[in-house]
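Asker: Starting off with a structure, shown below.
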Amino acid sequence: MLQHRFIDSARQSPKKVAFIDRTTGRDITFKQALLAGLILARRFRKLERGRIGIMLPTSGGGALAVLGAVMAGRTPVMINYSTGAKKNCRYAQHQCDFHTIITTRALLEKTGCPQLSDMLFIEDILATLSPLEKGFAFIKTLLPTPLLKRLVGRNDLETPAVILFTSGSEKDPKVVQLTQRNILSNIDSFCTHMEIYGMDRLLAVLPYFHVFGLTINLWTPLCLGMTSITYANPLEFKTVAKIIRDTKPELLIGTPVFLEGYIRQSEPGDFNSIKLAVSGADKCPESLRQLYREKQNLEIHEGYGTTETSPVISANPRSDNRAGSIGVPIPGVQVKILSYETGEECPAGEVGKILVRGDNVMGGYLNDVEESSLKLKSGWYDTGDLGYMDADGYLYHKGRLKRFVKIGGEMVSLVAVEECLNNVTDMDCECCVVELPDSKRGSKIVAVTSKDVDSSKTNKRLSEDLPNIALPRKYVTVSSFPRMGSGKTDFRGLTEHVWLLEQEED
């Protein structure tokens, strides 16, 4: 159990710092974290039955709220505050059948979210703790370890550990319930695969409402007895780069957008403490790898995962890091590639649908039997991604099946067009392609860039690598790309924005 692993960490090193919270400037030891978790668990038991909403930033307080919920036998429902906090609160309550949401006034002010009737503020809870509550929790910390573990949850790995929501970058978010077994198996396999045991400090800036942040930035250090260096806003690149320089983490894990922001705000030598840098959640461009090599003498190890797989499926091992690949499956995870036309298993090198099986795979979407049956068959989860496996067992990602469009009877990969577009534009020009309806061809490809480009010259260069049907029919410049909380491009939001611009022109 996750909370049992944490108790082992707290017993082994009670005075060790569990959280260096750079948002509040406060350090929290494992002993203090255990006490706080027990106090919050007692409060949470009185508030809700079954599930409890948590909308808190990446911080010591946010981690303790999740810990307290799990210790209370409540399933934390992690609410995304980056893409419409009020809307996501109501969506989560409706989908997951709960009322109470634990949040903080500072977050509501920053996101512009109104206070809802079901919200409770973590600062109010902490301010109203009685001496009796604190004393009762302190006595619990002195109990023998086996008895303390029994008080915070029986040893049942099928117990729900968290409810998360898919990104919603393509359609409405799906509700993913992950069990204790799902997350623990992923922590153990990923840490073994990437040789993380023995590392001591981890930079934790990914949001906890994203599975990447929840598993790797929150539960992994708690289970391994590592120190988390937390900061609430991963988009404050200059501040995070300074935090890396000052606090000297050994493990840096992020999305390409975040990692690029940090490296550009750093000076040579700032990342000397980093022993391992891992990129996930989106494709890692070769230009970013090169930037890390040149500026900080660091190799980026790319990995791959999904919310439904807790999240890690594969990663490039430290002993054999292959650029362009998303690595080999981590221990205990099986991957197979199936033809999206015949359903037969593909030979090495042939692109098909990526399917995954293992203890890290969810049991199904909450209250959605139809979607679960479409995605899960005989224990295999259909990721909706396309890729291939080479003869050495390395996996290569070729894009989302939904990011293919049919033009003139041919399937065109939007990801492939994006890759070529990135190769022929300036390094500081962000590029994306979207599909819009077309009265003559059914669909057309529109290129979206963050800087003005010469469409005629760009298409001429693209034609050297792409067929005519894959060339963008239009170019649109936007000042900034809409983002999900993980830093990934919000394709649905971007497509809607481009469509509206086109309607205004017409």
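The values are calculated or read from the model by the stated rules, or taken from the named source; none is laboratory data. Just so it is clear, the model here is predicted, and its values are computed rather than measured. Glycine gets a Cβ as well: all are built from the backbone with ideal geometry, and neighbour counts include every protein chain shown.
Asker: Would you mind listing the helices (runs of 4 or more DSSP H) fully within segment 104-151 where at least 2 residues are hydrophobic (A, V, I, L, M, F, W, C) and under 19 Å from Val70 (Cα atoms)? It would help to see each step written out before you state the result.
Answerer: On the way: elements: 105-111, 122-127, 131-141, 145-151.
Correct list: 122-127, 131-141, 145-151.
Asker: Okay, moving on. Quick one: in segment 49-78, which of the residues that are charged (D, E, K, R) and assigned to a loop (DSSP other than H, G, I, E, B) is modelled with the lowest pLDDT?
Answerer: Just the residues of segment 49-78 that are charged (D, E, K, R), to begin with: 49, 51, 74.
Narrowing the set further to residues that are assigned to a loop (DSSP other than H, G, I, E, B) leaves 49, 74.
Values: Arg49: 89, Arg74: 96.
The qualifying residue modelled with the lowest pLDDT is Arg49.
Asker: Looking only at segment 76-111, which residues are under 19 Å from the mean Cα position of the chain (by Cα) and either polar (S, T, N, Q) or not assigned by TED's automatic domain parsing to the domain that holds Arg150 (or both)?
Answerer: Passing the criteria: Asn80, Ser82, Thr83, Asn88.
Asker: Restricting attention to segment 243-261, and to residues there that are of a type outside the set (A, V, I, L, M), assigned to a helix (DSSP H, G or I) and touching a residue at least 60 places away in the same chain (Cβ under 8 Å), which single residue is nearest to Gly305 (Cα to Cα)?
Answerer: Pro256
Asker: Quick one: which of Leu164, Leu184, Leu147, Leu120 is modelled with pLDDT of 90 or more, over 30 Å from Tyr81 (Cβ atoms) and aliphatic (A, V, I, L, M)?
Answerer: Details: Leu164 fails: over 30 Å from Tyr81 (Cβ atoms); Leu184 fails: over 30 Å from Tyr81 (Cβ atoms); Leu120 fails: over 30 Å from Tyr81 (Cβ atoms).
Going through Leu164, Leu184, Leu147, Leu120 in turn, the sole match is Leu147.
Residue-by-condition table, conditions (1) touching a helix residue (DSSP H, G or I) at 6+ places or on another chain (Cβ under 9 Å); (2) touching a residue at least 12 places away in the same chain (Cβ under 8 Å); (3) closer than 18 Å to Phe165 by Cα; (4) surrounded by fewer than 24 Cβ atoms within 10 Å (Cβ to Cβ):
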position	(1), (2), (3), (4)
Gly53	yes, yes, yes, no
Ala65	yes, yes, no, no
Met71	yes, yes, no, no
Val77	yes, yes, yes, no
Thr83	yes, yes, yes, yes
Lys86	yes, yes, yes, yes
Tyr91	no, yes, yes, yes
Asp97	no, yes, yes, yes
Thr100	yes, yes, yes, yes
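Asker: Restricting segment 350-362 to residues that are farther than 15 Å from Leu184 by Cα and not in a strand (DSSP E or B), which is modelled with the highest pLDDT? Write out each step before concluding.
Answerer: Our first condition is that a residue be farther than 15 Å from Leu184 by Cα; within segment 350-362, this holds for 350-357.
Next, only the ones that are not in a strand (DSSP E or B) stay: 350-351.
Working: Glu350: 93, Val351: 90.
Among residues in segment 350-362 that are farther than 15 Å from Leu184 by Cα and not in a strand (DSSP E or B), the one modelled with the highest pLDDT is Glu350.
Asker: Another one. Hey, Met199 hits all of (1) part of a helix (DSSP H, G or I); (2) in contact with an Asp or Glu (Cβ under 9 Å, 6 or more places away or on another chain); (3) surrounded by fewer than 24 Cβ atoms within 10 Å (Cβ to Cβ) but one; which does it fall short on?
Answerer: (1)
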